[in-house]
Amino acid sequence: MTCAGTLDFVNALKLVKVRAKLMQECNNSMSGGMTAVKGLEEGLLRKICFDIRGDKVLDIACYNSPKQMVVSGNLDLMDTLAKEAAKYGGKTVMLQVIGAFHSKLMAQAGNLFSDELRKVEFKDFEYDVISSITDEVYKSKDEIRKNLVEQFLKPVKWCNVINNIKEYNVDSYIEMNLSRVMRKLIKENLNQRNVLSFSDESELEKIKNYILTKV
């Protein structure tokens, strides 16, 4: 959003810091976790989550690719999830995160973050930005607060976002992250080879040169 001109850099950093703090505090009061699941259809994974959770929380939190989804919920349900997924040929990896992000367990954090967002002024978008929650382009700045709050509770539709970006005839992708996770997912979703990452020191010069040719 900062790159798109709707949120200044200082306020963006403040919101990121507050968001992280609220999620950590929320998880301290209700222990949660996340597990990546490969090799299962969405419908089957939903059924497994439904059968396990009872009155607790266990839902799909991220649609990373057709081959991978992430489940978020109460920490004590993760072992059962892994065992049930294995019965149907699914493979699971417990994520090294402290929290059940993008799930109902983050409701309190979302409510408090809503209060913080009211203190920030958002400007009109200079470039298109696709929401990871709706998988659609923001129509106006008026949608920002609602979507950023819902991001605490609703699943990230990463797979759809990447496929929607494809409609813009994008020829290259730059991952501004300290890991290479997004690059792997872009390649998995689109078979796109031209993906550069800030996490790879050897690619920084390529990124610089690419940007200079576009501005």
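Derivation of every value follows stated rules applied to the coordinates shown; laboratory data play no part. Being a predicted model, the structure only gives us computed values, none of them experimental. Counting neighbours? That spans all protein chains shown, and the Cβs are built from the backbone with ideal geometry, glycine included.
Among the listed pairs Lys157/Lys184; Lys83/Lys154; Lys17/Lys208; Lys123/Lys146; Lys141/Lys187, those with a Cα-Cα distance over 20 Å are Lys83/Lys154; Lys17/Lys208; Lys141/Lys187.
Which number comes out as Rg/Rh for the chain once both Rg and the Kirkwood Rh are worked out on C-alpha atoms?
Working: Rg = 18.3 Å, Rh = 18.7 Å.
With Rh from the inverse mean 1/r over Cα pairs, Rg/Rh is 0.98.
Which chymotrypsin sites (Phe, Trp or Tyr not before Pro) does segment 143-215 hold that lie in a coil by DSSP with at most 10 other beta carbons within 10 Å?
Details: sites: Phe152, Trp158, Tyr168, Tyr173, Phe198, Tyr210; in loops: Phe152, Tyr168, Phe198.
Qualifying residues, ordered by number: Tyr168.
Taking the DSSP beta bridges in the chain as the whole, what percent of them are antiparallel, to the nearest 5? If I count the DSSP bridges inside the chain, around 80 percent turn out antiparallel. Label-to-label distance for Asp76 and Lys146 is 3.7 nm, based on points extended 7 Å past Cα in the beta-carbon direction.
With Cα atoms defining each centre, segment 1-38 and segment 146-215 are spaced 19 Å apart in the structure.
Could you tell me the calculated FRET efficiency between Lys47 and Lys83, based on Cβ-Cβ distance and R0 = 22 angstrom, to the nearest 0.05?
Numbers: r = 15 Å, r/R0 = 0.68.
Between Lys47 and Lys83 the formula returns 0.90.
Size estimate for segment 170-215 follows the Kirkwood approach: the inverse of mean 1/r over distinct Cα pairs works out to 10.8 Å.
Multiply the residue gap between Phe198 and Ile211 by 0.36 nm, knock off their C-alpha separation, and tell me the result in nm, one decimal place.
Numbers: separation 13, 0.36 × 13 = 4.68 nm, distance 1.28 nm.
Gain on stretching Phe198 to Ile211: 3.4 nm.
Under the convention that each Lys and Arg Cβ holds +1 and each Asp and Glu Cβ holds -1, the size of the dipole of segment 1-161 around its Cα centre is about 300 debye.
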